[in-house]
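Structure first, then comments.
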Amino acid sequence: MNADGSASKYEAVIGIECHVELRTASKMFCGCRNVFGAEPNTNVCPVCLGMPGALPVPNRRAIEHLVRAGLAFGCAIPAFSKFDRKNYFYPDMPKDYQISQYDMPLAQGGVVSYFLADGTKGMCRLTRIHLEEDTGKSTHGGSGDGRIAGSSYSLIDFNRAGVPLMECVSEPDIRSAEEAVAYLETLKRTFVALGVSDVKMEEGSLRCDANVSIRLRGNTELGTKTEIKNMNSFRSVGRAIESEIARQIALLEAGTRIVQETRGWDEAGGVTHSMRSKEQAHDYRYFPDPDLAPIEFAPAALGGLRGDSEVLPQRRIERYVEADGLSIVQAQQLVDAPGVADYFDDVVARTHKPQASANFVLGECSRLANETQVPVAHSKLGAGALAELVTLVEARAITSKVAKSVLERVWRDGGSPKAIVESEGLGAVSDPNALATLVTDVLAAHAKSVDDYRAGKGAALQFLVGQAMKASRGKADPSVVEGLLRERLAAP
Amino acid sequence: MSSTNIDIRHVAKLARLALSDDEVALYGAQLENLLVHVAELEKLPTADVVATAQVIPSRNVERDDVNTPSLPRALVLAGAPQAEGVYFRVPRIIAEEG
Amino acid sequence: MGPLDRSAAALARAVSARELTASEVAEAMLTRVGERNPALGAYLSVTAEHARAAARRVDERIAAGESLPLAGVPLAVKDNMCLAGTRTTAASRILEGWIAPYTATAVQRCLDAGAIPIGKANLDEFAMGSSCENSALGITRNPWDQTRVPGGSSGGSVAAVAGGLATIGLGSDTGGSIREPAAFCGVVGFKPTYGRVSRYGLIAFASSLDQIGPIARTVEDAALVYDAMAGKDPADATSLDLAVEATAGFDRDDLRGVRIGIVAEFDLARLEDDVAAVYRAAYADLARLGAELVDVSLPTADYGLATYYLIAPAECSSNLARFDGVRYGLRVEGDDVGAMYEATRAAGFGPEVKRRILIGTHALSSGYYDAYYVRAQKARTLIANDFARAFERCDAIASPAAASPAFPFNAKSDPYSMYLMDYYTIPMSLAGLPALSVPCGYVTPPGSAHPLPLGLALTTPLFAERSLLSFAHVYERGTMHAERYAPPVLTEVPG
Ligand SMILES: [Mg+2]
Ligand SMILES: [Zn+2]
């Protein structure tokens, strides 16, 4: 970071707040559709426009989604929770208060864990997850660039107003930009796997702010923090935090104090810049919303929302890495493609060969899934079929070349790889006697390569192996063929 | 109670009410008078009392996640003080960015 | 007696029996409203087209063989309730001209039961007041004495019913806004248990207190309207999910076996002598009808006003934030959105609304929340507990509905003296209890040419609407106060 090595003197202390739109059919407190990209101001009603006399009624599924998410991170779901009003004026907030949760959120505590690139495991405690409603969207006119600064008016679309939103607040446990991104990736994976959100940052369904401070390594006191906003991709979260840490280090090294403020991330410029600090702190005047009943969760009701923790993405990734020996990247790829991890687990349950199974699932299978636009889990290649194939390859009963073509056929047409191999005689040929004639023919047909090899061009051997494989329609065991070729080429 | 003084200008700012000087004086006096009466509550032994937010307690009043009809956009925008195209229009929002 | 002056029960029977049509009733009432409303000012707007359309639908349903409990009954709707396609103002400049795009559940249920919406009735702006003088859009006069207020905040609905411009009315009661004006105008005003009637479509003042209730000339009519409206509404999360017992059809002839509590703290000696005498006589009548009078105590009743004037404004400060000039209603332009908000709200809200928004904002603001809002919520608990204890000793509580008869316009210039008008009704509101006011006698204050009515308040435990109305019905039948005098507007004005 700094050429003089000052970076290592400091450590960053980072906390992340993110807002995640929940995936539901209807909004948080009314029956309007919760969809992205609809015609402006068409998904609005008296409730989500804050019309006089309209009243909110909470969406049960949104509450359950949040609880599911909380349980996935080991949050405590208190027996009693309630909605509060957060009072402030903003033109895209119809009631000029936001229904949110203040002192009794639906989920408290919990831990988010993740892997870093060097293989170490990190974790960040959650403070809370609470439920609230989204605002509408403003577009700013008259400034030329659509930005609020310098605009002369704004246009408002209330379609998003009232969409259920969960706010996840972390403890300041994160120590680097990389860790912040890894934390967010675990959140995203988990929400997607649970089906509680699409987590599309480009559609604004996940928005996050980071609180960043630095301190001398070894210190326990917190430094002055800044809040970074406007980061609209995981990549920009990483870049913004890195740039802010560097800025703060430079300030401290220069003997300048850090000012507590909100800073905006400028994606193009790659820097954060100060946003005017408010003249006075907000006074949100939170109070319990008298239009809404508190929420109580009996332990029995929680049971129904607590899924199988073994299939949670981070648990799976840990299992794949720690027990199955996959790489972190492989493990994450398995978990990140929808339905693939379940499929993979099913295959491994039959083969007991995680690495070989992963190679097929992430290799041939995902290539075919891409080409055919059919997800792995929905192809005609069932987990049982792939397991047969993996077992055949691992037992060297077929060559990988044959495996590839059989896999492709079964993907398209279905059927049992084992039966196909047997009925069509596609088993690997590894008996040297059976391959002797074939090797003789290849050598005879490619005299030039024979000469090249003997003249010291080692690459000619691979060409000859390839030709032999081709002649065997892929069935020949390439290592046996290579051995035979070497033997014959060495002979005068 | 903490005080029967009320910073009317500050409160009016929070409530987004423009007040004239006369109103500040009038409401200030009237509300301070009310706060004197309200201070009577200090005499009540409320230390160990549960606060009542809703007089008839109910729990978990929720609805199913189903769609119901929205309002026609033309009707909604017809009631707007100012609309532009398919949007509500408001004067410039003072940017927080410096 | 013409159809317009019959009870709702009698009128609905006649329309259901096809002795007359709802359309005839509607036309006759619209004509009378055209004659009398300019003087009385009960309605801010007359909803003639809605009335005619509703009447046609009722006539069709009757022709199809249906029988409707409110068939053809003219209804006054307080103008803080939405009726789709009508101007709905809450008597505020900030909503002047706004057309509600949807209908309040309570109003819809009355229409479904056959009621005919004659007009949107005046009120104190956003239901904040006790005289209707805080309306920004018009003056409503008391039918008994047009130099006096009708009470408030449901003054327009009450004046309409008392003045013969509607057979029944809908009011909303937050701290006494149905009961006090009903007492001032000599009609029955009934606030059900909090949550009995849906608030969906009622423009919120104080959400934890607001409750819609009927206004009528008889207890039976009030019961009919209540039966039509009460019950769970999926659109209001605070509406009670409890079975509603039909209240109309009374089976009680006297009050034998009923213990009626007289509240020690409501000392009648504090009232004017003639007013106190009326209440003493009312209590005696209860005893004469068979009730056992028992002394009960509400030690925290005196704290009701202070509690109410923190909780209600706090909620209102938040509820009224939405009137910001962005989506509907008034806008006064400003350089930027903040200036527009401040100018709009300064021009759109009247002084009482501003006072309550200010005090409520203060009570919720940082550093004051615990001292004011939370303490008031705790006091609210104590007040509710007092009632619960009192109801261990009695089945109902009898008390004055107001400290005086209707007062002249501009008599209460100081806000606090107006707040005191709700002294007798606020504790019941804080406790969420069902309570009503029923005519109990008259006084003729100096300078008044005519006797003015007073109202007796009866209160029962939560959810005990059925016994409350049956007690009131016995009292009404056993005293016949409403038969003694009629408001001059009914006898002096032709029509
Ligand atoms: Mg939030
Ligand atoms: Zn909606």
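Observations, loosely collected:
- Residue match in region C:247-263 (condition: crowded, with 23+ Cβ neighbours inside 10 Å and polar (S, T, N, Q)): yes
- Matching residues in region A:129-152 - criterion: being in contact with a Ser or Thr (Cβ under 8 Å, 6 or more places away or on another chain), more than 15 Å from ligand 1 (Cβ to nearest atom) and in a strand (DSSP E or B): A:Ser138, A:Thr139, A:His140, A:Gly141
- The set of residues in region A:224-237 being assigned to a loop (DSSP other than H, G, I, E, B) and buried (at least 19 other Cβ atoms within 10 Å of the Cβ) consists of A:Lys225 alone.
- Yes/no for A:Pro78 being of a type outside the set (Gly, Ala, Ser) and within 12 Å of ligand 2 (Cβ to nearest atom): no
- B:Ile8 being in contact with a strand residue (DSSP E or B) (Cβ under 9 Å, 6 or more places away or on another chain), among the hydrophobic types (A, V, I, L, M, F, W, C) and closer than 30 Å to A:Met275 by Cα: no
- Qualifying residue in region B:71-82 (condition: more than 30 Å from A:Val67 (Cα to Cα), in a helix (DSSP H, G or I), within 11 Å of chain A (Cβ to nearest Cβ) and of a type outside the set (A, V, I, L, M, F, W, C)): yes
- Flag for A:Cys124 being outside any helix (DSSP H, G or I), within 17 Å of the chain's Cα centre (by Cα) and within 16 Å of ligand 1 (Cβ to nearest atom): no
- Checked against the criterion of being modelled with pLDDT under 95 and in a loop (DSSP other than H, G, I, E, B), the candidates B:Val55, B:Val36, B:Val49, B:Val61 yield just one match: B:Val55.
- In region A:57-75, the qualifying residues are those that are among the β-branched types (Val, Ile, Thr) and closer than 14 Å to A:Gly304 by Cβ, and the one that is nearest to the other protein chains (Cβ to nearest Cβ) is A:Ile63.
- Looking across region B:1-33, the residues that are within 20 Å of the chain's Cα centre (by Cα), at the interface with another protein chain (Cβ under 7 Å from one of its Cβ atoms) and not in a loop (DSSP other than H, G, I, E, B) come down to B:Ile8, B:Val11, B:Ala12, B:Leu14, B:Tyr27, B:Gln30, B:Leu31.
- Candidate set: region A:85-114, residues that are under 16 Å from A:Arg175 (Cα atoms) and touching a Ser or Thr at 6+ places or on another chain (Cβ under 9 Å); chosen: the one nearest to the other protein chains (Cβ to nearest Cβ): A:Val112
- With respect to the conditions (1) surrounded by fewer than 24 Cβ atoms within 10 Å (Cβ to Cβ); (2) more than 9 Å from every other protein chain (Cβ to nearest Cβ); (3) among the charged types (D, E, K, R), C:Arg355 falls short on a single one, namely (2).
- Residues in region A:154-196 that are among the hydrophobic types (A, V, I, L, M, F, W, C), within 23 Å of A:Ala337 (Cβ to Cβ) and within 14 Å of chain B (Cβ to nearest Cβ): A:Val196 alone.
- Condition met for C:Tyr369 (more than 7 Å from chain B (Cβ to nearest Cβ), within 17 Å of B:Leu41 (Cβ to Cβ) and touching a residue at least 60 places away in the same chain (Cβ under 8 Å)): no
- Of C:Gly325, C:Gly338, all but one fail to be over 28 Å from the mean Cα position of the chain (by Cα), facing chain B (nearest Cβ under 8 Å) and outside any loop (DSSP other than H, G, I, E, B); the exception is C:Gly338.
- When residues of region A:15-34 are limited to those that are closer than 13 Å to B:Asn67 by Cα and in contact (Cβ under 8 Å) with a residue 60 or more places away in the chain, the one farthest from ligand 2 (Cβ to nearest atom): A:Thr24
- Residues that are part of a helix (DSSP H, G or I) and within 13 Å of chain A (Cβ to nearest Cβ), drawn from region C:74-100: C:Ile94, C:Leu95
- Any chance A:Lys9 is of a type outside the set (A, V, I, L, M), away from ligand 2 (no atom under 16 Å from the Cβ) and within 14 Å of chain B (Cβ to nearest Cβ): no
- The residue list C:Thr167, C:Thr218, C:Thr193 contains one member that is away from chain A (no Cβ under 14 Å), hydroxyl-bearing (Ser, Thr, Tyr) and within 20 Å of C:Tyr442 (Cα to Cα), which is C:Thr218.
- Region A:27-42, subset among the small types (Gly, Ala, Ser) and out of contact with any helix residue (DSSP H, G or I) (no Cβ under 9 Å at 6 or more places or on another chain), residue nearest to the other protein chains (Cβ to nearest Cβ): A:Gly31
- Among residues that are within 16 Å of ligand 2 (Cβ to nearest atom) and touching a residue at least 40 places away in the same chain (Cβ under 8 Å), A:Lys86 is not included.
- Filtered residue count, region A:196-223, keeping only those that are modelled with pLDDT under 95 and part of a loop (DSSP other than H, G, I, E, B): 12
- Residue count for region C:253-288, restricted to those that are in a loop (DSSP other than H, G, I, E, B) and either closer than 15 Å to C:Leu468 by Cα or of a type in the set (Lys, Arg) (or both): 6
- Against the numbered list (1) surrounded by fewer than 19 Cβ atoms within 10 Å (Cβ to Cβ); (2) among the hydroxyl-bearing types (Ser, Thr, Tyr); (3) touching a strand residue (DSSP E or B) at 6+ places or on another chain (Cβ under 6 Å), C:Ser399 comes up short only at (1).
- Condition met for A:Cys45 (facing chain B (nearest Cβ under 7 Å), over 25 Å from the mean Cα position of the chain (by Cα) and over 27 Å from A:Val192 (Cα atoms)): yes
The values are calculated or read from the model by the stated rules, or taken from the named source; none is laboratory data. Since we're looking at a predicted model, the values are computed, not measured. No Cβ is skipped: glycine too gets one built from the backbone with ideal geometry, and neighbour counts run over all protein chains shown.
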